[in-house]
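Comments concern the structure below.
We did not get these values from a lab; they are worked out from the coordinates using the rules stated. As the structure is a computational prediction, the values presented were derived from the model and not from experiment. Glycine gets a Cβ as well: all are built from the backbone with ideal geometry, and neighbour counts include every protein chain shown.
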């Protein structure tokens with residue numbers, strides 16, 4: 001084993017690739033047979049020190065963008081000069097703050113400080129790559145050939161460093177989990193750039209991850225790779241199918257609905273959850289429990305529980321209970337919010353709720369995370385409502401008097417539809433203690449939403465991933481419905497890639513397609529078995545509510561249309577005049593923004609339910625008044 005302590009080590013880029021430790025020198029390439037770098041370790045690294053370095057590289061970012069905007073065609077001399085200025089920052093760092101020191105297992109830094117410094121280096125490297133990208137885009141391939149070997153080696157090394165930092169920060173793996181990176185550029189993906197460098201003799205290891213169809217050009221491929229990389233970086237487990245937490249035990253048939261099959265308290269360090277990006281001083285658990293299918297048979301489902309540091313008044317009273325029902329995440333097991341470092345909707349839902357002092361129970365929905373025969377049933381509100389009830393029962397059995405018996409359900413989009421369905425189900429099959437529901441942009445009737453999105457698109461892009469997800473889910477239930485009979489050849493060729501990711505990847509893959517590019521036959525939307533699916537699995541129809549409900553809807557919602565939400569609201573109110581419903585309409589706000597803005601209304605509304613504040617026994621529709629700008 002070779003330990004580099006001085007000399008060229010300070011100017012050497014250390015990186016890990018496929019289990020081997022490589023060193024790419026800035027002035028020469030040398031290979032060291034080592035797995036540990038012995039380097040200077042700082043006596044202390046303070047938060048202010050990290051902030052100071054981040055300020056410096058942020059200032060450099062501004063300078064780089066300024067140069068790029070002011071110099072349309074960057075000359076070689078200008079490129080070299082700016083590169084030299086950027087390199088001054090790295091050279092002036094103390095040895096213990098250099099990247100090779102942070103790569104050492106024995107650097108002596110707490111994880112959060114190491115992570116902060118790695119993020120500083122990541123911003124610096126992105127500046128270098130942005131400059132390089134700008135230069136390449138404005139010169140011919142021959143200009144790349146004119147570069148000396150040292151320059152090519154430097155930028156190949158920068159790419160490896162970026163991939164390594166991302167793998168450490170976001171995937172928490174050592175060494176590489178993935179050895180590629182997508183650089184955000186209009187016409188050239190990072191994989192293509194690395195391929196050019198390889199052609200020029202640069203030593204680099206690039207693993208092809210996707211086989212793209214002929215209908216996806218370089219720009220299309222770069223966008224998809226970027227979306228998939230971003231989603232994968234947020235996963236706690238790179239492969240849920242091989243994660244023992246989500247696996248069904250051999251005796252799964254012994255469990256009944258509401259039973260806990262497996263419970264895992266996620267460890268924390270200094271009030272920070274390990275492996276997740278949850279708010280400080282919160283406690284996270286995830287659990288596998290039993291829900292039910294449409295026929296009442298027990299099936300496994302996964303969920304998470306997010307607990308605050310204390311309740312609203314700082315006392316030892318039971319925590320008030322809220323069930324969070326998430327919006328569209330994807331359609332595979334991999335897309336479970338419990339497998340996402342930000343629990344998928346972050347401050348749009350679970351984080352905002354837990355910071356109000358609520359115990360937040362959040363089902364993934366059966367088939368996302370858990371392994372069930374038919375797979376995840378997207379937009380199946382009747383099933384999702386079952387998942388809510390039995391997740392609540394499971395947590396009650398675990399926490400007992402630590403949480404209140406009373407509870408509220410809050411959801412958005414697919415989760416808004418679920419919250420509405422929960423309110424309807426509680427009228428028929430009460431779980432007990434139900435106080436009400438908050439339903440944001442409820443996607444109640446997919447067979448009305450989807451055709452409206454097609455009509456509004458005209459000849460342009462539909463921005464539609466939802467209908468593909470719905471069709472795929474329904475096809476698992478009804479063998480007569482075959483996806484390939486309806487989707488276009490473009491969609492059929494891209495489905496295998498979409499299946500590797502979740503909503504972000506699917507939206508990128510399908511979002512820019514027109515209706516003829518999405519479907520060769522749209523008659524599936526009117527099939528009797530599809531209509532049956534919406535009535536039974538989705539639970540569509542006008543039903544009586546068990547408790548008050550607050551509905552939030554933006555007029556500029558591009559996914560759940562305001563006219564359809566208002567129609568469902570009006571139908572419920574006219575059919576059941578004693579319904580206690582409030583509809584808040586947010587002018588000019590889209591799908592997500594309306595729900596975020598609605599926190600000013602729904603958080604006090606939830607508190608009032610727990611404090612027994614009475615509501616008028618009537619329906620009330622309000623268009624909110626915009627307060628700014630002045």
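Counting every other Cβ atom within 10 Å of each residue's Cβ, 283, 565 order from fewest to most as 283, 565.
Considered as an equivalent ellipsoid built on the Cα gyration tensor, the stretch 502-541 has semi-axes of 25, 16, 6 Å, the largest given first. From least to most packed, judged by other beta carbons within 10 angstrom and beginning with the fewest, 285, 302, 627, 75 follow the order 627, 75, 285, 302. Cβ-Cβ distance of residue 84 and residue 119, R₀ of 25 Å, FRET efficiency by 1/(1 + (r/R0)^6): the value works out to about 0.55. Computed extension length for residue 51-residue 529: 166.2 nm, one decimal, from 0.36 nm per residue of separation with the Cα-Cα distance subtracted. Take the Cα of residue 151, step 7 Å toward its Cβ, do the same at residue 542, and the gap between the two points is 7.2 nm.
Cβ-Cβ distance of residue 248 and residue 459, R₀ of 45 Å, FRET efficiency by 1/(1 + (r/R0)^6): the value works out to about 0.45.
Counting other C-beta atoms within 10 Å, which of 505, 151, 575, 88 has the fewest, and how do the rest follow?
By the 10 Å Cβ count, ascending: 88, 575, 151, 505.
Of interest is the spacing of the C-alpha centroids, which for the stretch 320-350 and the stretch 265-309 amounts to 10 Å.
If the chain linking residue 317 and residue 492 were pulled fully straight, counting 0.36 nm for each residue of separation and taking away their Cα-Cα distance, it would gain 57.6 nm.
For the stretch 446-537, the Kirkwood hydrodynamic radius comes to 13.3 Å, computed from all pairs of different C-alpha atoms.
On the principal axes of its alpha carbon atoms, the stretch 541-617 extends 33, 28, 15 Å, with the longest extent given first.
Relative contact order of the stretch 446-537: 40 percent, from C-alpha pairs under 8 Å at least 6 residues apart in sequence.
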